[in-house]
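Encoded as structure tokens, the structure appears first; notes follow it.
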Amino acid sequence: MADFDKGKIPDVFPPDDSDRPPPRRRKRKGAKVSPLTAVALAVVVVIAAMAVTGRLGFINIRPDQVAVKVNYLTGDETPITSPGYQFYFPLMQDVFVLDKRVQSFEMRGNDYRSESSVPELTVRANDGSNFKFSSIELQYQLVPSQATRVLTSSGPGDGYKAEWIKVFARSILRDEFGRFTAEEIADPGKLQMAFAGSEDRLNAELEPYGIRILDIPQMKPVFDPAYEEAIEDRKVADQDVERLIAMEDQLVQEREQQLAKVEREKSIEMEQLLGELDRERLESERAATQTRKSADAFRIERVAAGNAERSERVAQARGLVEKYTKEAQGVTAQAEALAQQGEVVVREALIEKLASIRFTFVPYSRDPAPQRLEHVDDRGGDAERGVERVGSKTTEGGSR
């Protein structure tokens, strides 16, 4: 009997029946089975077998899945990243479906709860002290374009979820956090550097297996209670220092603002004063110009008036000179005539003068030697007053 009959699995399919003895033909009574019917029965049997195994030649790929089509004849592996139905040839091809949803690996507590939930992470710091993280969660996902790597390295199904993250996560996180002292790791900046370095190293290690880390949420480390209290005191002191620095910066800013305000106000005042000075200077220049013009006009006017008056005075003086020259000449001529005529002319003048005088006599005698002679007009007033002296006669308003 061949190996197939003995219950062994053949190495190739269909199994080699060369060693199997030809079956004995039994003579059956009744109708014979036609070859077409036999083929149909064989097809039904094969379909039933595929239905039992789930390999019907097509499979539906959901949006949260990727698949790898394996060709057993050629050895080709083709990644399938688009959702939908995929067809293949059973027994010659197969399609392996992988989950591409975001997965979570958690370190929390003290017990192993599952492949994706392990005990918490304890780290020895660079200074020899210990600290831990009460909970660290790693979010990861297979790379859809690297589905063949995932299938080759981790096998079908969820094999990639149970192996590689657990292998690399704890050791790499310990190394990255252990680079810092406990005091440094309490600094948010250094803590962020440690998380970023851990993510980069994990991605470098997991890339050959078609897996990538999406995110490692930053968690605060937990220290010894006394050290935790010291850290809190340090934080309070740092906050006070930062507050004082902020107050100093604020005071400096306020001082600069006040200085800028004063400079701005003084600059405005300076501009106003300069404007007023310019305006007053212009007004003074205009007033000076007007004064100069007025002075020039007044000078011209006074000079012209002086020149006119001078000309008039000169003309008057010349007229007077000519007039008085003529009068002087007349007087000189008269004097010369008088000198020639002598006493006759004097008497003629005296007669002419006395002819205009009116005498009034009173009927009483006077002093034969009078010292005073009065002349009274018709209106009862004194017309003339005179003083008569021996050898002469004087009358006011007349000649002697």
### Task
Look at P225 and say whether it is exposed (fewer than 10 other Cβ atoms within 10 Å of the Cβ) and either under 30 Å from G197 (Cβ atoms) or of a type in the set (D, E, K, R) (or both).
yes
#### Entry: Which numbered condition I231 fails, given (1) assigned to a helix (DSSP H, G or I); (2) of a type in the set (A, V, I, L, M); (3) touching a strand residue (DSSP E or B) at 6+ places or on another chain (Cβ under 7 Å)
(3)
### Task
Answer yes if at least one residue in segment 130-149 is in a loop (DSSP other than H, G, I, E, B), touching a helix residue (DSSP H, G or I) at 6+ places or on another chain (Cβ under 9 Å), modelled with pLDDT under 90 and surrounded by 14 or more Cβ atoms within 10 Å (Cβ to Cβ), and no otherwise.
no
### Summary
Per the filter on segment 67-105, residues surrounded by fewer than 16 Cβ atoms within 10 Å (Cβ to Cβ) and within 24 Å of F195 (Cα to Cα) are R101, V102, S104
### Task
Looking at (1) at pLDDT below 90; (2) closer than 23 Å to A194 by Cα; (3) surrounded by 10 or more Cβ atoms within 10 Å (Cβ to Cβ), find the lone condition where D233 falls short.
(2)
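Would you confirm, using the coordinates I've provided, whether I211 is over 30 Å from S145 (Cβ atoms) and of a type in the set (V, I, T)? Full working, then the answer.
Details: over 30 Å from S145 (Cβ atoms): no; of a type in the set (V, I, T): yes.
Against the criterion (over 30 Å from S145 (Cβ atoms) and of a type in the set (V, I, T)), I211 does not qualify.
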### Message
Of the conditions (1) assigned to a helix (DSSP H, G or I); (2) surrounded by 17 or more Cβ atoms within 10 Å (Cβ to Cβ); (3) modelled with pLDDT of 90 or more, S171 satisfies every one except a single condition; which number is it?
### Response
(2)
#### Entry: L206 over 24 Å from S134 (Cβ atoms), in the same structural domain as T148 (by TED's automatic domain parsing) and either among the β-branched types (V, I, T) or in contact (Cβ under 8 Å) with a residue 24 or more places away in the chain (or both)
yes
### Query
In segment 222-230, is there at least one residue being out of contact with any Gly (no Cβ under 6 Å at 6 or more places or on another chain), among the β-branched types (V, I, T) and free of Cβ contacts under 8 Å to residues at least 60 places away in the same chain?
no
### Task
Write out, first by first residue and then by second, each pair whose Cβ atoms fall under 7 Å of each other, whose residues are 6+ apart or on separate chains, and whose first residue, in segment 231-257, is within 30 Å of A182 (Cβ to Cβ) while the second is surrounded by 10 or more Cβ atoms within 10 Å (Cβ to Cβ).
I231/A186; I231/F223
### Message
I need the strands (runs of 3 or more DSSP E) fully contained in segment 78-118, keeping only those with at least 1 residues that are farther than 14 Å from V143 by Cα, modelled with pLDDT of 85 or more and in contact with a helix residue (DSSP H, G or I) (Cβ under 8 Å, 6 or more places away or on another chain).
### Response
93-99, 103-108
### Task
Examine segment 174-191 for a residue that is of a type in the set (K, R), touching a residue at least 40 places away in the same chain (Cβ under 8 Å) and in a helix (DSSP H, G or I), and state whether such a residue exists.
yes
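The values are calculated or read from the model by the stated rules, or taken from the named source; none is laboratory data. The model shown is predicted, which means the values in this text are computed figures rather than measured ones. Note that each Cβ is placed from the backbone with ideal geometry, even for glycine, and that neighbours are counted across all protein chains shown.
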